[in-house]
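Have a look at the structure below, then the notes.
Please treat every number below as a calculation from the coordinates, not as lab data. The shown structure was predicted, so the numbers you read here are calculated from the model rather than taken from an experiment. All Cβ positions, even for glycine, are placed from backbone atoms using ideal geometry, and neighbour counts span all protein chains on display.
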């Protein structure tokens, strides 16, 4: 047992300002020095510059990165006015996430010397300690509090203590050395048989409130609740001994056990056994962070998701049981079922925080109810790609912490490892890595129902789609009301007491008007030529939420989340059908409508007269046609000979309203004079298009 426990992440509140200042300073300095001690396991400068693995930067990058992160965040928060070293703060800023085999980075950097980076880090240490000693402090500390930036930098370095320890573990053995501060467990014995424990059904609730008393990353906030059915879980983490059976059974050679992505990784890596296993003349050995030891068969196996998943598939075949990895919800249910205590100041009843030693330990060392190692020892891979909870927001000072991982390619793992400290060790922690990643991670398996397909929660970055999403569902600008909503209100008012059975929203784009019309009509058909636009409407109807990124300035982006619930539209979403179609060539069955809406459509059609001359066939007698358009005729959309107006004919001006009357008069009557409705399209934070759309209402004769 170490003589003194590593410091825990501090509470964000208290009644003694001076004591809290001292507590945060101690936490910063302890974390800083722990990171320094980690790099003392390297034998020479060569170890800093030789890549541990081809998919990552050399260790010199990670040594400088955490200091650069601090500087960049302090600048954004206005806590410092100038950089410490602009060159370093460019070189060490980005490139952390492990790359894939199809995006290798062969860039060669002119890295600074180790001595220069150490001096840079010490300079940063002085700056932080001065800020902590002098900056005004108000409690509690929340997102808006400048002290949040200090805690963010500390917790960020805690993460890199762990990720850098993995890279050191992957470094050539002759480039690392033992250190007293990083001594591994020595206890080992016979691996236990891994029985199944029945986990009763129950409700789980995940997500932190904004006033939570412990620092958290953006993805931890919000709310997610779920009912978890009864399932069985392996009593222990999968040990090296248990995984050996998979290796000996030819698990790495049998492609049937591997998912397609796993097969690609296996082909690239040429893996034949876990990465840290080494077969020698003396038998199997295990690479730890700074040494090789005889295989401790009762320790948990260290693998990536692909290997864990292949093992589960092999075991499912061998046992004829529905074996798989747990979901995040199921891990949470195990946590609640086991009654795990989350201790702040006492020594953990788990192999976590480095409270005992610097390595995994036997899988039967720490009991949590009927299970072992619900937390600690190694991270536990789950089946769940990381996704945002309801109410998710990005922190303005670190908007790309979680956002890039909402891509369906990063799976959550839970529970922490022997080295996980600070925020990493918390129940609420949600970390996700690419599935081929190694991170002191192993797994336990469950026998449970088949998984439902999990919706990918990536943010839409396509400029056109994002601008449409913001136009329909985003903020109002310059006191101009939401245009799609306004059109729906105009249409409903024009309907009066007319029948409101079906409405057709032709040119619906991403669908805001369609949803608004569904509040009044029994059913709405939403049609657009662009499947890409319609897909956002489909996503909203199915999931109730869309996420997208809009331009701020240059390459900087702002991230938005919009929910039908917040717009009062969730209860009617099932009344809208989104379909792809051509306004000038609609299928015959699109008929019998009491309203047809054509918003900002006619000046984008290749043959607007064809559309207008046949639209009466779609509308019931006495029904209403609403046409809205800024009459922006462009030959890239409509050949000039097909323009309805904005032209001279026989020397006379012909307006679009003239053209509308000429085509529609046989079947429609203009209900009232046109009205102009403004709309604003946001391009960047400082560039907007302000446009007037002419709205005309026509009643079917």
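For residue 666 and residue 449 in the same chain, what is the full-extension length gain: residue separation times 0.36 nm, less their Cα-Cα distance, in nm?
Between residue 666 and residue 449, full extension yields 71.9 nm more.
Need one number: % antiparallel among DSSP beta bridges in region 463-700, to the nearest 5.
Taking every DSSP beta bridge with both residues in region 463-700, the antiparallel ones total about 60 percent.
Could you tell me the relative contact order of the chain? Use alpha-carbon pairs under 8 Å, at least six residues apart, and round to a whole percent.
11 percent
Does region 189-245 come out rounded, prolate or oblate by the C-alpha gyration tensor, with a ≥ b ≥ c the root eigenvalues, rounded set by a/c under 1.5 and, if not, prolate when a/b is larger than b/c and oblate if not?
In terms of gyration-tensor shape, oblate.
Restricting to bridges with both residues inside the chain, how much of the DSSP beta-bridge set is antiparallel, in percent to the nearest 5? Mind dumping the intermediate values first?
Details: 63 of 87 bridges.
About 70 percent, rounded to the nearest 5.
Would you please put 589-601, 206-218, 645-657 in order of how densely packed they are, using the mean number of other Cβ atoms within 10 angstrom per residue and starting with the highest?
Going by the mean number of other Cβ atoms within 10 Å, highest first, we get 589-601, 206-218, 645-657.
Within region 154-195, find all residues whose amide N lies under 11 Å from a label point positioned 7 Å from the Cα of residue 44 along Cα-to-beta-carbon.
174-176
For the Cα atoms of the chain, what angle does the longest principal axis make with the long axis of helix 531-543, in degrees from 0 to 90, nearest 10?
70 degrees
Note the full-extension length gain between residue 489 and residue 51 as 0.36 nm times their separation in residues minus their Cα-Cα distance, in nm to one decimal. Spell out each step's value before the answer.
Details: separation 438, 0.36 × 438 = 157.68 nm, distance 6.20 nm.
Value of the extension gain: 151.5 nm.
Roughly how many nanometres apart are two label points built 7 Å out from the Cα toward the Cβ at residue 180 and residue 229?
Result: 5.6 nm between the two label points.
Give the distance, in whole Å, between the Cα centre of region 502-546 and the Cα centre of region 50-94.
The two parts, judged by their Cα centres, are 45 Å apart.
Do the sum for the chain: with -39,500 (n - 2.57) for every DSSP H run of n ≥ 4, divided by all residues, what is the mean residue ellipticity at 222 nm, to the nearest 500 deg cm²/dmol?
Details: 16 runs with 201 residues, N = 701.
Computed mean residue ellipticity for the chain: -9000 deg cm²/dmol.
Compute the long axis of helix 463-473 from its Cα atoms, compare it with the longest principal axis of the Cα atoms of the chain, and write down the angle in degrees, 0 to 90, nearest 10.
It is inclined by approximately 70 degrees.
Using only the Cα atoms of region 17-180, build the gyration tensor, take square roots of its eigenvalues as a ≥ b ≥ c, and label the shape rounded, prolate or oblate: rounded if a/c is under 1.5, else prolate if a/b is larger than b/c, else oblate.
On the way: a/c = 2.06, a/b = 1.69, b/c = 1.22.
It is prolate, given that a/c is not under 1.5 and a/b is the larger ratio.
Report the rotationally averaged projected area of region 405-552 based on its alpha-carbon convex hull, in square nanometres.
It is 14.2 nm².
What is the distance in Å between the Cα centres of region 280-358 and region 415-429?
Cα centroid of region 280-358 versus Cα centroid of region 415-429: 14 Å apart.
Computed over the Cα atoms of the chain, what is the convex hull's projected area averaged over all directions, in nm²?
It is 36.7 nm².
For a paramagnetic label modelled at 7 Å from the Cα of residue 579 toward its Cβ, which residues of region 517-545 fall within the zone defined by backbone nitrogen distances under 14 Å?
523-529
Per the Debye formula with a single identical scatterer at each Cα and no solvent contribution, what log10 I(q)/I(0) holds for region 253-341 at q = 0.11, 0.20 Å⁻¹?
Relative scattering, expressed as log10 I(q)/I(0), comes to -0.45, -1.09.
Using only the alpha-carbon atoms, how far is helix 305-319 inclined from the longest principal axis of the chain? Give it as 0 to 90 degrees, nearest 10.
Computed tilt is about 80 degrees.
Residue 23 to residue 116: FRET efficiency via 1/(1 + (r/R0)^6), r the Cβ-Cβ distance, R0 45 Å, to the nearest 0.05?
About 0.90, to the nearest 0.05.
How far apart, in nanometres, would the label points at residue 195 and residue 82 be if each is projected 7 angstrom from Cα along the Cα-to-Cβ direction?
In this crude label model, residue 195 to residue 82 measures out at 6.9 nm.
Assuming 0.36 nm per residue, please report the length gained on full extension of the stretch residue 687 to residue 212 beyond their Cα-Cα distance.
Details: separation 475, 0.36 × 475 = 171.00 nm, distance 3.75 nm.
In short, 167.3 nm is gained.
Indicate the gyration tensor shape class of region 463-700 (rounded, prolate or oblate), computed on the Cα atoms with a ≥ b ≥ c the square roots of the eigenvalues: a/c under 1.5 is rounded; otherwise a/b larger than b/c is prolate and the rest oblate.
It is oblate, given that a/c is not under 1.5 and a/b is not larger than b/c.
For region 525-595, what does the relative contact order come out to in percent, with C-alpha contacts under 8 Å and a separation of six or more?
Averaging sequence separation for qualifying contacts and normalising by length gives 40 percent for region 525-595.
Given points 7 Å out from each Cα along the Cα-Cβ axis, report the residue 346 to residue 476 separation in nanometres with one decimal.
5.6 nm
Only Cα pairs under 8 Å and at least 6 apart count here; give the relative contact order of region 17-180 as a rounded whole percent.
Dividing the mean separation by the residue count of region 17-180 yields 42 percent.
I'd like the distance between the alpha-carbon centres of region 476-492 and region 634-701, rounded to an integer number of Å.
Between the Cα centres of region 476-492 and region 634-701 lies a distance of 18 Å.
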